[in-house]
Amino acid sequence: MATSSPSGNCWRTVIRRRSLVITCVVVLWGLTIEGRLIHLQVLRHDALVAFAEAQRSGSIETKPKRGEILDREGRVLAYSVDADTVMATPREVVDPAVTARQLCDVLKCEDAQQERIETRLGEDRGFAYVQRHVSVAAARRIKELDLEGIGIIKESRRFYPHKELGAHLLGYVGIDNGGLAGLESSFDEEIRGRSGRSLVQFDARRRPFSRVERPPTAGSSLELSIDMYLQYIAERELRATVLEHGASGGSVVVMEPATGEILALANEPSFNPNRFANFTAESRRNRATQDVYEPGSTFKIVTASAALEEQVFHPDHVFDVSPGFIRFGARRVEDIGNYGSLSFTDVLVKSSNVGAIKIGLELGRERLSRYVRRFGFGQSASRDFAGQSHGIVHEPSRLNDSGLASLSMGYNISVTPLQMAAAASAVANGGELIEPRLVRAIVSKDQRRERPRRVVRRAVSEETASTLTRIMEDVVTRGTARNAQLDGYTAAGKTGTTEKIVNGRYSETGHNVASFVGFVPSTRPALTILVVIDDVARFGGGVAAPAFQRIAEASLRYRGVPPNVDAPSPVVVSVDTRPVPQERSTKSLRSEIDRFQPGQMPDLRGLGVRAALKVATEMGLAMEPHGRGFVVDQSILPGSAVAGGQTVAVWFERVGAADGGTKP
């Protein structure tokens, strides 16, 4: 039997080694493939799916159009327009440097901006803004360049057609269509609407072949209480007053005292909300709601209201205000002159600081502080304004006699112009503090949501408000506010002048806050108007009162409010057997009153509302008026015995309407 040689088995060894190597290679190759598959299909699954989806389709958020802002007559104050925006798909841009240079040749970029654009175009992403809200001409030229990866899209842009008109009320929006100030900010949720989305699918060459859209929902519109024409009047007269007196700024508030609706609110300096970034923060600030000032003598209406309501004093109470000043330790508070003796009424008419301090000291810190709160100071004036100041009101426990004296004459307290206007409106409407209202309704496509009048609280009684109105009328007719008088209308108001703090001390000359607040016609108020002028050398009666007069005159004429003084005699057409009432002169009125003994009811027939109310007030009676025009009947017959505090019902009719109607 033959035996195998060692050399005959060598090929088997070689085969085994080669097989082992091949097996190891195959196993290693399999493990590598398996590892790669695990890496791609497990570890990077989500990223790759997203990348594939981005290549196959794109999702773009579509911004909604903001709702319009309208004045009370439906005139547009703010709306949205389409604007062109230059965008890029950086992954598709071949040469970022060249593309950026071509774009900047059209957009007139500075070097730093060109570098930023070049950087964006070189990033690995599917979308980037180049420049937003470009001009129509620039957008057309960029389209003509037909640059790879560059396109034009439409965006919504806010536009204010009347520029500065109502700028502080309306506010402005940012580049992303979000409200940044004013109503645009405080009502942003209602105005901005709901975004939509567009899904676009592409083929292998990135050409769109399918588009699915969820359209955006437009925002709701705001209907304001503002009257565009009255707003123009307020801004015009405020600007003229600031320029005339070299003031640093000022505010005007015009309100309906019965409803709380704000008809105009102006600030100076102002700005153009279409280009708000070009103006300083000082110009953009709403002084009427965000700035505070010491109201000075205009605040004496609160001190007087508290004294009358608490029956601490009556209008004829006499104060000794000599020698024209009062001391609190080393501090000396002065009047303009030595008035000697003044009645309660004349303390306000002459704006006596000494008299107001004596009223405040008699009231005491607890009672006076209670009325400060009742008139709305130290709290938010309105829900319609974002970022408003509450003012500065000290707790009663922190007031010593000197602090109480300051508060009584309108120092040691800081208020906003809107708070002061609301407080004066409470006197004008019979004693109710009504929340100032800027937005009348929110209007969407299918509904209109009214925002009702809101009474915060009763500040004082109707009797107190009526008495104070008569006193404020005297301030205008024979006091510090003669410059506020109007032809054909009675006005009631109060001047105020406060020294500004300069370098930690009250400036004695040249730096005053001059103000006036009043309402017209005083017998049936249609308008409350506040004027505040900052940093002037003169007083409220010489600076703010004339501005009030001009604003009131133009506004009353525009609104068609009939005169209540020296009105044209109506045509008498009567089928009633009663004598036709005729307006009596002041002389005949006085002789008629004097004919009756004290404690007897005079004959009011033929008197107007203002004259009848004056007689009733002099007699200590509360008048309950019905109707308008002249007195045709009264509940207490002439010559009857009357006592102070009684109520007399008085019926008024237009002379031409005296047709035998019955009393209500």
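The spacing between the stretch 350-424 and the stretch 485-522, judged by their C-alpha centroids, is 16 Å. Shape annotation for the stretch 291-432: C-alpha extents along the principal axes are 47, 35, 25 Å, from largest to smallest.
By the Cβ distance rule (another cysteine Cβ under 4.7 Å), the unpaired cysteines of the chain are Cys10, Cys24.
Amide H to amide H, with H built 1.01 Å from N, Leu527 comes under 5 Å of Val520, counting only residues 5 or more places away or on other chains. Other residues within the sphere of radius under 12 Å centred on the Cβ of Glu462, judged by their own Cβ, net out at -3 (K and R +1, D and E -1).
Give the relative contact order (percent, whole number) for the chain; include only Cα pairs under 8 Å separated by 6+ residues.
Answer for the chain is 11 percent.
Mean residue ellipticity, 222 nm, helices only, the chain: the sum of -39500 (n - 2.57) across DSSP H runs of n ≥ 4, divided by residue count and rounded to 500, is -10500 deg cm²/dmol. Dividing the convex hull volume of the alpha carbon atoms of the chain by its residue count gives 307 Å³ per residue.
With N denoting the number of residues in the stretch 61-224, provide Rg(C-alpha) divided by 2.2 N^0.38 Å, to two decimal places.
Rg over 2.2 N^0.38 Å, computed on Cα atoms: 1.21.
I need the GluC sites (Glu not before Pro) found in the stretch 83-121, filtered to DSSP loop residues with at most 16 other beta carbons within 10 Å of theirs.
Working: sites: Glu92, Glu110, Glu115, Glu118; in loops: Glu110.
Those satisfying the criteria are Glu110.
Residue-wise HN-Hα couplings along the stretch 306-313, as the Karplus relation 6.51 cos²θ - 1.76 cosθ + 1.60 with θ = phi - 60° gives them from phi, are 4, 5, 5, 5, 7, 6, 6, 9 Hz; Gly and Pro carry x.
Taking every C-alpha pair closer than 8 Å and separated by at least 6 residues, the mean separation divided by the residue count of the stretch 75-163 gives a relative contact order of 54 percent. Taking 0.36 nm per residue of separation and subtracting the current Cα-Cα distance, fully stretching the chain between Asp446 and Phe127 would add 111.2 nm. To the nearest Å, what is the center-to-center distance of the stretch 224-253 and the stretch 279-333, using C-alpha atoms only? Value for the Cα centre distance between the two parts: 24 Å.
Loop-located GluC sites (Glu not before Pro) across the stretch 133-180 with a Cβ neighbour count of 12 or fewer within 10 Å are Glu148, with loop assigned by DSSP.
Considering only Leu180, Ile153, Leu77, and ranking their Cα positions along the charge dipole of the stretch 61-224 that arises from unit charges at the beta-carbon of Lys, Arg, Asp and Glu, the one farthest toward the positive end is Ile153. Converting phi to 3J(HN,Hα) with the Karplus coefficients 6.51, -1.76 and 1.60 and the offset θ = phi - 60°, the stretch 631-643 yields 5, 10, 6, 9, 6, 9, 5, x, x, 6, 6, 9, 10 Hz in sequence order, with x at every glycine or proline. Ellipsoid fit via the Cα gyration tensor, the stretch 485-559: semi-axes of 29, 10, 9 Å, each the root of five times an eigenvalue, largest first.
Just to be sure I follow: if Rg is taken over the C-alpha atoms of the stretch 304-374 and Rh is the Kirkwood radius over the same atoms, what is Rg/Rh? The partial results should precede the final answer.
Numbers: Rg = 12.1 Å, Rh = 12.5 Å.
For the stretch 304-374, the value is 0.98.
When every Cα-Cα distance of the stretch 235-339 is counted in 10 angstrom steps from zero, the calculated P(r) takes the values 11, 25, 27, 24, 11, 3 percent. Which lysines does Lys358 reach when only Cα atoms under 18 Å apart count, and residues fewer than 8 places away in its own chain are ignored? Within the straight-line limit of under 18 Å, Lys358 reaches these lysines: Lys300, Lys350. As a rough guide to protection, the peptides 361-369, 393-401 ranked by mean Cβ packing within 10 Å, highest first, stand as 361-369, 393-401.
Read phi for every residue in the stretch 545-559 and hand back ³J(HN,Hα) as whole Hz from Karplus 6.51 cos²θ - 1.76 cosθ + 1.60, θ = phi - 60°, with x for Gly and Pro. Once θ is set to phi - 60°, the couplings for the stretch 545-559 become 4, x, 5, 4, 4, 5, 5, 5, 4, 5, 5, 5, 5, 5, 7 Hz. Highest mean packing comes first when the peptides 468-476, 227-235, 445-453 are listed by Cβ atoms within 10 Å, giving 468-476, 227-235, 445-453.
FYI, it's all coordinate maths here, none of it is from the lab. Given the structure is predicted, the values throughout are model-derived calculations rather than measurements. Because the Cβ atoms are built from the backbone with ideal geometry, glycine has one as well, and the counts that use them run over all protein chains shown.
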